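Input: a single structure, listed below in structure tokens.
The values are calculated or read from the model by the stated rules, or taken from the named source; none is laboratory data. Note that the structure is predicted; figures quoted are calculated from it, not measured. Every residue, glycine among them, receives a Cβ derived from its backbone with ideal geometry; neighbour counts consider all protein chains shown. When the accessible area is computed, the model is the full protein with side chains, heavy atoms only, and any ligands, DNA or RNA have been set aside. Shrake-Rupley method; radii C 1.70, N 1.55, O 1.52, S 1.80 Å.
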Amino acid sequence: MIKLDHVVRTYQMGKTTVQALRGVDLEIHDGELVAIMGPSGSGKSTLMHLLGGLDQPDEGSVVFGDQDISKQSRDFLAELRGKRVGFVFQTFSLIPTLTALDNVELPMMYQGVERKVRRERAQHLLEQVGLGDRLNHRPTELSGGEQQRVATARALANDPEVLLADEPTGNLDSKSGKQIMQLLTQLNEEKGMTVILVTHDATIAGYAQRTIHIFDGRIGDAAD
Amino acid sequence: MFRDNIRLAFHNIRHRQVRSWLTILGIVVGVAAVVALISIGEGMQNSIEEQFESIGYNTIILSPGGSTEQASGPEGRMGVLKAMFGGGKPAVVDLSVLDRLPQVVSFGAQRIETGMIASENLDGQAFLRITGLTYGMTDYFNAYFNGFPIAQGRNFDQSDRSVIVLGAQVATDLGVAVGDQVQIETTDFEVIGILESTATEGKGTGGAMTFRGMDTGLFVPIESLETLYGGEGKISQALVEVTDQTDVVEASQAIKNLFSQFETPVQTITAEEMSEQMKSVMASIQMTLTAIAAISLLVGAIGVMNTMFTSVLERTREIGIMKAIGAKDRHVLSLFMIESGLLGIIGGAIGVLAGVAISSLAGGVLSGALAVGPGSGGISVSFAASYSPWLIIGALLASFVLGAIAGVLPARRGAKLRPVEALRYE
Ligand SMILES: Nc1ncnc2c1ncn2[C@@H]1O[C@H](COP(=O)(O)OP(=O)(O)OP(=O)(O)O)[C@@H](O)[C@H]1O
Ligand SMILES: [Mg+2]
């Protein structure tokens, strides 16, 4: 369970202050598949970062599992992101100089998984996302859809409790988008993984059990 | 994890080949210069030591004039320089009083003048340094004259006056052979001997950079200089051999005291003092050069720092990704520090190889030797380099540490980036 309590996040841009989140209360249960929708600049990515411990709120609290992570150290958050959370970003989230296999291995490397073990697991994960024949390709040698699938495989490397995907299908055609969504749905159903995804696309949101709408840094009406 | 980071670091360096190599080049130049200079310097020191070992330390060098100070301080230094280049302005010194000292085994003197030289096969005339020797000098102090090896003809007899022994090079230049005449000022001298060329002695090519004095020496009996230039009993320098049991420093002082009663006081220097002074002169020249080389190494390190700052900036987004998937600050820190350390040690390794190559090449080109000492030719400072394992290990270690230190600031900047901001960086 992830619980946000009166979360405020403001960005200081020189003299102007941007309030990206203006007091968000939110609860996401274990095993849920949730979609977050809202106009551009409404604070979706900011919310996503806070949910996964990539960022911390200026006010309010974020409880992950049974721990308040809003005041934890940088190392604590790094550990949380490495072990319990998987991120998929919208674009260019692979290390460009590494092969698909190396990219998927990287999160396991930071957790000290032995080389041979993580190599096998990375290979297995890439096969799962249908890229068994692209193991040694670099990101530039992969299509956008393939890159997103590598990113998804990487997010799953340490078997996280929560998968956070920021517009994972944003740059993809509907067929590749559908493939990614099928994979996420499958993970949610078979493994009980909590999946939270940001999207602009109502069809994509249709896969979710619940859609959260966000406008101008505030949660709007939840439509089931 | 550390091993993985080393692998990643290698990968990153390989990936930016041109920049990496240019950065490494900066280190290579510095390390090569330092290694070359130190190894040549060490070689020189060893060569000085070996030469004095073989000559023996029981010789005292005596020059007219000067104070009674020891051979230290600026005046002492001057004395050493005088001794190294054949002595000072000729002055009258009665050496026969040396017989009063029981420690003295033998002694001899030389007088150096510059004279107008002519020969049949030489167009015009030449001003050259002429060395007048007392009889037996080259036998008693053979090593100081590089053995005085006669290639053709013979050495001096006691009764010889207007005769001359030539170094190999000067004989060629004057176009004379044994039996020919050489004119000094207005007097004819018969060439009775020509020395072996020192350039054939093995080391080097004997090319333009040969400093050896013996090849260009003109040797005559000291009495003939008295006839030419006057000044009976004048000498530039004397060599005194004492018995092996003698305390050379005491003997040196005794000689000084002895001569202080006479008109011309003398300055003395023991072979050991001379060896020490030569080594210390060499060492300070070497230190200066090495310090300059070290500055270029520092510039190389700044190059590494620059490259690493650029790298951190370029890879900001990559750092954000690494952090998003679980990298801690110290993982990022160590990755960048290893990268810069690797740049350093690769540069160091190539630099050591280049330095060894340069110094052995330089040793060959500079061929033999810089000749100094009485007789101007005996004590030759070889340029053959000497490589101690410590120099090589030290150079490698220093270049790694320097590289890593140069990486500290950039790596810290990378490690401290906030993940969200890093991810937004374009
Ligand atoms: N690091 C930052 N510095 C300054 N302002 C920021 C920063 N990150 C986000 N913002 C601002 O905060 C607001 C919310 O940004 P956020 O990225 O969360 O929006 P979003 O809903 O994800 O938009 P999009 O759909 O375009 O991705 C925007 O007005 C944005 O300009
Ligand atoms: Mg966004």
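Table: residues versus (1) within 13 Å of ligand 2 (Cβ to nearest atom); (2) facing another protein chain (nearest Cβ under 9 Å).
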{"residue": "A:Asp25", "(1), (2)": "no, no"}
{"residue": "A:Met37", "(1), (2)": "yes, no"}
{"residue": "A:His49", "(1), (2)": "yes, yes"}
{"residue": "A:Pro57", "(1), (2)": "no, no"}
{"residue": "A:Asp66", "(1), (2)": "no, no"}
{"residue": "A:Ile95", "(1), (2)": "no, yes"}
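Kindly list the number of the only condition in (1) assigned to a strand (DSSP E or B); (2) more than 14 Å from chain B (Cβ to nearest Cβ); (3) closer than 27 Å to A:Thr203 by Cβ; (4) open to solvent by less than 10 Å² (accessible area, probe 1.4 Å) that fails for A:Ser42.
If we test A:Ser42 against (1) assigned to a strand (DSSP E or B); (2) more than 14 Å from chain B (Cβ to nearest Cβ); (3) closer than 27 Å to A:Thr203 by Cβ; (4) open to solvent by less than 10 Å² (accessible area, probe 1.4 Å), just (1) comes out false.
Identify all residues within segment A:12-34 that are within 11 Å of ligand 1 (Cβ to nearest atom) and touching a residue at least 12 places away in the same chain (Cβ under 8 Å); write none if there are none.
Result: A:Gln19, A:Ala20, A:Leu21, A:Arg22.
Every residue in segment B:1-51 that is open to solvent by 40 Å² or more (accessible area, probe 1.4 Å) and within 14 Å of chain A (Cβ to nearest Cβ), please.
B:Met1, B:Phe2, B:Arg3, B:Ile6, B:Arg7, B:Phe10, B:Arg14, B:His15, B:Arg16, B:Gln17, B:Arg19, listed by residue number.
Select from segment B:160-171 the residues that are in contact with a strand residue (DSSP E or B) (Cβ under 9 Å, 6 or more places away or on another chain) and polar (S, T, N, Q) and list them in ascending order.
If the condition is that a residue be in contact with a strand residue (DSSP E or B) (Cβ under 9 Å, 6 or more places away or on another chain) and polar (S, T, N, Q), then B:Ser162 is the only one that fits.
Among residues belonging to segment A:180-219 that are without any contact (Cβ under 8 Å) to a residue 60 or more places away in the chain and either within 14 Å of chain B (Cβ to nearest Cβ) or touching a helix residue (DSSP H, G or I) at 6+ places or on another chain (Cβ under 7 Å) (or both), point out the one that is farthest from ligand 1 (Cβ to nearest atom).
Ranking the candidates gives A:Leu183 first.
Looking only at segment B:228-241, decide whether some residue is basic (Lys, Arg) and not in a loop (DSSP other than H, G, I, E, B).
Within segment B:228-241 (the criterion being basic (Lys, Arg) and not in a loop (DSSP other than H, G, I, E, B)), the answer is yes, since at least one residue qualifies.
So A:His137 fits all but one of (1) away from every other protein chain (no Cβ under 14 Å); (2) assigned to a helix (DSSP H, G or I); (3) in contact with a helix residue (DSSP H, G or I) (Cβ under 7 Å, 6 or more places away or on another chain); what number is the exception?
The single condition A:His137 does not satisfy is (2).
I'm told A:Met37 meets every condition in (1) out of contact with any His (no Cβ under 6 Å at 6 or more places or on another chain); (2) open to solvent by less than 60 Å² (accessible area, probe 1.4 Å); (3) within 13 Å of ligand 1 (Cβ to nearest atom) except one. Can you identify the failing condition by its number?
Single failed check for A:Met37: (1).
In segment A:178-217, how many are more than 16 Å from ligand 2 (Cβ to nearest atom) and farther than 27 Å from A:Asn158 by Cα?
Counting residues in segment A:178-217 that are more than 16 Å from ligand 2 (Cβ to nearest atom) and farther than 27 Å from A:Asn158 by Cα gives 3.
Restricting to segment A:68-92, and then to whatever is in a helix (DSSP H, G or I) and facing chain B (nearest Cβ under 8 Å), can you tell me which residue is farthest from B:Lys416 (Cα to Cα)?
Checked segment A:68-92; the qualifying residue farthest from B:Lys416 (Cα to Cα) is A:Lys83.
Restricting to segment A:100-134, name every residue that is within 13 Å of chain B (Cβ to nearest Cβ) and in a loop (DSSP other than H, G, I, E, B).
A:Gln111, A:Gly112, A:Val113, A:Glu114
When both residues are 6+ apart or on different chains and their Cβ atoms are under 7 Å apart, which pairs have a first residue that lies in segment A:40-52 and is free of Cβ contacts under 8 Å to residues at least 60 places away in the same chain, and a second that is more than 9 Å from ligand 2 (Cβ to nearest atom) and part of a helix (DSSP H, G or I)?
A:His49/B:Val420
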